[in-house]
Number of protein chains: 2
Amino acid sequence: MMSVRGLARLAKSRGRWVYSSLESAPLLLELPSHFRNPLQSSPQVVLGCRVIYAWASNAFSTARQQADLRSSSAVEKQVDPFSVVADELSILADRLRSLVVADVPELASAAEYFFKLGVEGKRFRPTVLLLMATALDLPIQRQTSETAVNALSTELRTRQQCIAEITEMIHVASLLHDDVLDDADTRRGIGSLNYVMGNKLAVLAGNFLLSRAFLALASLKNTEVASLLAKVVDHLVTGEIMQMTTTSDQRCSMEYYMEKTYCKTASLISNSCKAVALLAGQSAEVSNLAFEYGKNLGLAFQLIDDVLDFTGTSTSLGKGSLSDIRHGIVTAPILFATEEFPELRVIVNQGFEKSSNVDRALEYLSMSSGIQRTRELAAKHASLASAAIDALPENEDEVVQRSRRALVELTHTVITRTK
Amino acid sequence: MMSVRGLARLAKSRGRWVYSSLESAPLLLELPSHFRNPLQSSPQVVLGCRVIYAWASNAFSTARQQADLRSSSAVEKQVDPFSVVADELSILADRLRSLVVADVPELASAAEYFFKLGVEGKRFRPTVLLLMATALDLPIQRQTSETAVNALSTELRTRQQCIAEITEMIHVASLLHDDVLDDADTRRGIGSLNYVMGNKLAVLAGNFLLSRAFLALASLKNTEVASLLAKVVDHLVTGEIMQMTTTSDQRCSMEYYMEKTYCKTASLISNSCKAVALLAGQSAEVSNLAFEYGKNLGLAFQLIDDVLDFTGTSTSLGKGSLSDIRHGIVTAPILFATEEFPELRVIVNQGFEKSSNVDRALEYLSMSSGIQRTRELAAKHASLASAAIDALPENEDEVVQRSRRALVELTHTVITRTK
C-alpha cells in the first residue's frame, strides 16, 4: 500500500475529473468513531457510535426534526453526495443514453424513459459507486513517475465508471422485466414502459441492457469482478422467484423477507461496491468493507421503501400507494405487526385480493409499532453502512475524506427520505 | 502444437468418455479435398470440392434421392453424429435438468418442458460442440506424463462440456423470451411455456437460465470466451430487434435477412464452437475454422427452417405451418421470389395480416425458384461448413477422424432434414 502522502497526491489528481466545480463544498464534522469492526458488534454498540442513533430510534417526524437540528449545527455542514459527483454522473448518464439510442434507435423511447433524470429520483447507485471509487485508496506497489501514476489512475477511474454504468444497466434491465412480472402500470408516477409500449419491448429492452452490461463486464477482463456481477443477476432472478412463490410460512418469515430483500435490492449495490474496490486492487478486508457498506445501505433503502409504500409523503398510514400489499407482497411493517398481533397472520395467509383485507391489515398495522420498528431496522443498517466507511484505512487526503463523508451522508439521506 | 502421434494418444484418452459403447461405429469415406481456405474461395470452388454439390443444386426431392444414393454406396457409410456423443449428451441433459429443478423447484415445469428430449428434436447444439471438442487437437506445450495428460484432458473436456451447457441454456433462454415476443402459442407442436404458464414465468425462467449461463461462464475464468458468449447474447437481442423493426427496404433485403439470421441463429453455434477451440488453446486459425463451421452450419440450418415453414414434411408449398409469413416475417424463399417477380414486393410491403396476401405470396412463390434457390444457398453454406472441417490440421487418430466425419455428416443432415 502507498503512503498517506502518496494517496493525497493521487486523490488530488483524481479530483480533477470530479470536483472541478466543487472546490468550495462545505465540510461535515467528523464525529469521533471508536468503531472498527461493525460486523461483529451488537446493534446497540453500532448505533451508539453515531449521532444517527438519537433520531433513528424515533418515529418519522422526530427523525426529520432531529436531522434538521443536526444539519444546523454550527460546526457541522453536510456534503451533498449527488453534487459531489454531479459532473461525472452527467457524463455517465449521457453515455448510457447514447449507447442505447445510437445502437438501437427503436429503443430510443425506452432509453429516454429510463435514462432521463427523475424516474428513479436521483442516480443513487452510480453516485454511491463513484463516491466509493474516490473514498478508497489507490494502492501503488512501487514508486512511479507522476505521469505514470496519473495514467494509471485515469485508467482505473474509467474502469470504475464502467462498473457504475454496468450497475445502472443491470438495475434498469431488472426494472423493465419486473414491470412485466408485476403487471405494473406505473412506476413512481410515470407510466411504466410495458404499459406504454407493451411487454414485448420491455422484455427486449431489458435483454438489450443486460447483454450490453455483460459485454461491458467482459471487456474489463477481470474474472473475479465478472463472477460478482453474474452472481448479482442470479440474485435478482432468485429474489423475484422468492417473491412470486412463497409458502404460507415464508410469507410471515422476517428472515425470508430479508433474504429476498438482499437478493432483489442489496446484492447489486453491495457487489458493485466490492467490484470497485477489487478493480483498485484493494485487500479482501477493504473490499469486504465496501461490500458491507453497499449491503447495509441497500437494505436500509428497501426498508424505508417498504415504509413509504404505506405512508407516502405523509406520516399517516394508508397515504402511500399501498402497491406492495395490494400485490400480495408482505413487507417488514406488516411482518413486525404480525409479531404483535398474531391474528394478523390469518389475514396475511388469506391474501389481499379483497380490499377489506387490506383495510384490516392497515388497522392492525396502525395499532402496532410495525412502521417504527421498520424505521429502526433501517437505521440500524444505515449505521452499519456508516461504520463500514469509518473502518476503512485512515486517509488524510481531503478529497478522499469528502467522499467518505458523502457516503456517510447518503446513509442519512436514505433513512430520512420521504419519497 | 503437439505432434500427430501425441494427438493420437490424447484423442484416445478422450475417447474413453465418449465412445465407450461405440467402438464399432462404421466409417464414412473421406473424399479427397483440395480445399484449404474456404473463406476466401468462391462458392463455386467450394461447392466443387464435395459430392454435396451434385444434389445441393437440385430441388428437394432430387436431393433426397441423391442422399439415399450416396448413403447406399458400398464404400461409404455414415456416422450418426447424435449416437457418437449420446452418452455424454445424456449426462449433460440430466445436469441441466437437475440444475433447474434442484435450485428452483418452481421452475421444475419449465425445466421439464425444455430439457426433455424432443422439444427441439435432437440436442443439436451440444452435439456439435462435443463433436467439435473431439475433432480438434489438444495442443500440449511440453512433454508431460500420461497421467498429467489425462488429467489435463479431463479438465479440458469438463470445461468444453460447460460450454455446451452454457450454449443450451442461452438457447433455451432465448426460446423462452422469443415466445413472449412472438406471442407464440406453439413451438414445434408443443404448447409454448408462456401459453401454458404465462408470460411472467417465461420471462423469469429465461432470466434464470441466462443468469446461470453467465455464472457458469464466469466460473471458466477465460475472458476471451466470456467476451465471445456475451457477444452472442447481444446478437440474439440485436437479431430480435432487427426482426421486430424492419423498414420497407430492409424487409426486401437479402443482406439484411442474412445478417438477422446470423444474429438470431448462427452466432450462438459459431461463437461457442470457437469457444471450444479457444479453451483447448488452439491457434487463431483453427479457432476461426471452428467458428466458420458453426456459422455456416447455423445459416444452412435456418435456411432449411425457412423452407420447411412453407413446405412442412411434404414437397408442396403451403403444407408447412406458414408461421413466419403469418407473423409478417419475410424469409429467403420469398426474398428470392421477389427478385423474379418484383410485383411481389408490393404485397410484402402491405404485410400479411390479410390471409389473401399470404395466398398471393404463395402463388408467386410457387411460380418462382424461391424454394430451390433457398435450398441451394443452404447447401452452399453446408458445403462451406464441411470445408472448414476439411481445412483442420491433419490428424490420424481414429476418434478424432470419426468426430470430424460426424461433423461433416451433420452438414448433410441439416440440409436433408424434413422437420
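Please work out the FRET efficiency for the pair B:Thr154 and B:Glu394, using the Cβ-Cβ distance as r and a Förster radius of 41 Å; give the result to the nearest 0.05.
Values: r = 25 Å, r/R0 = 0.61.
FRET efficiency, B:Thr154 to B:Glu394: 0.95.
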Exercise. Other chains' Cβ within 10 Å of B:244-252 residues: what's the mean?
Worked result: 1
Exercise. Hey, if we sort A:Thr418, A:Thr331 by accessible area with the 1.4 Å probe, largest down, what's the order?
Worked result: A:Thr418, A:Thr331
Exercise. What nm distances, shortest first, do you get from the label point of B:Met254 to those in the other copies when the point sits 7 angstrom along Cα to Cβ?
Worked result: 7.0
Problem set entry | ³J(HN,Hα) computed for each position of segment B:288-299 - Karplus, 6.51 cos²θ - 1.76 cosθ + 1.60, integer Hz, glycine/proline x | 6, 5, 4, 4, 5, 4, x, 4, 5, 5, x, 5
Exercise. Put a dot 7 Å past each Cα toward the Cβ at A:Ser253 and B:Ser369; how far apart are the dots in nm?
Worked result: 6.8 nm
Seminar exercise, completed: Measure of exposure for A:Asp178: accessible area at 1.4 Å probe, Å² rounded to 10, is 30 Å²
Exercise. Check B:Ser321: other-chain or 5+ apart residues with amide H under 5 Å from its amide H, H built from backbone geometry?
Worked result: B:Gly312
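Considering only protein heavy atoms, with the full assembly of protein chains and a 1.4 angstrom probe, order B:Lys260, B:Lys221, B:Lys274 by accessible area, largest first.
Numbers: B:Lys260 20, B:Lys221 125, B:Lys274 45 Å².
Largest accessible area first, the list is B:Lys221, B:Lys274, B:Lys260.
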Exercise. Accessible surface of A:Tyr256 in the full protein assembly, 1.4 angstrom probe, to the nearest 10 Å²?
Worked result: 40 Å²
For this session: Give the nm distances, rounded to one decimal, from B:Ser98 to the matching residue in every other copy, measuring between label points 7 Å along Cα toward the beta carbon; shortest first.
Result: 5.1
For this session: Mind listing the label-point distances from A:Glu343 to the same position on all other copies, shortest first, one decimal in nm, points 7 Å along Cα→Cβ?
Result: 8.1
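Hey, if we sort A:Asp359, A:Asp306 by accessible area with the 1.4 Å probe, largest down, what's the order? Numbers along the way, then the final one.
Numbers: A:Asp359 85, A:Asp306 5 Å².
Reading off the accessible areas and sorting them downward yields A:Asp359, A:Asp306.
Which number comes out as Rg/Rh for segment B:212-299 once both Rg and the Kirkwood Rh are worked out on C-alpha atoms? Present the calculation step by step, with values, prior to reporting the outcome.
Values: Rg = 14.4 Å, Rh = 13.7 Å.
Taking Rg over the Kirkwood Rh, I get 1.05.
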Exercise. ³J(HN,Hα) across segment A:375-384 via Karplus (A = 6.51, B = -1.76, C = 1.60, θ = phi - 60°), whole Hz, x for Gly/Pro?
Worked result: 4, 5, 5, 4, 5, 4, 5, 4, 5, 5
For this session: Apply the Karplus parameterisation 6.51 cos²θ - 1.76 cosθ + 1.60, with θ equal to phi minus 60°, to every residue of segment B:333-341 and state each ³J(HN,Hα) to the nearest whole Hz, in sequence, with x for glycine and proline.
Result: x, 5, 5, 5, 4, 5, 5, 7, 10
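Chain pair A, B: how much accessible area is buried, both chains summed, with a 1.4 Å probe, in Å² to 100?
Values: alone 18370 and 18340 Å², together 33680 Å².
Buried: approximately 3000 Å² between B and A.
Past the 24 angstrom mark, what percentage of all C-alpha to C-alpha distances in segment B:313-419 do you count? Provide the component values of the computation, followed by the final result.
Values: 2312 of 5671 pairs.
More than 24 Å apart: 41 percent of the Cα pairs in segment B:313-419.
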Problem set entry | Separation in nanometres of the label points that stand 7 Å from Cα toward Cβ, at B:Glu343 and B:Ser90 | 5.8 nm
Seminar exercise, completed: Counting other chain Cβ atoms within 10 Å of each Cβ in A:213-224 and taking the mean gives 5
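The values are calculated or read from the model by the stated rules, or taken from the named source; none is laboratory data. Only a predicted model underlies this, so the values are computations on that prediction, with no experimental measurement involved. Please note: Cβ atoms are built from the backbone with ideal geometry, for glycine as well, and neighbour counts cover all protein chains shown. Side chains are part of the model used for accessible areas, which takes the heavy atoms of the whole protein and leaves out ligands, DNA and RNA. Shrake-Rupley method; radii C 1.70, N 1.55, O 1.52, S 1.80 Å.
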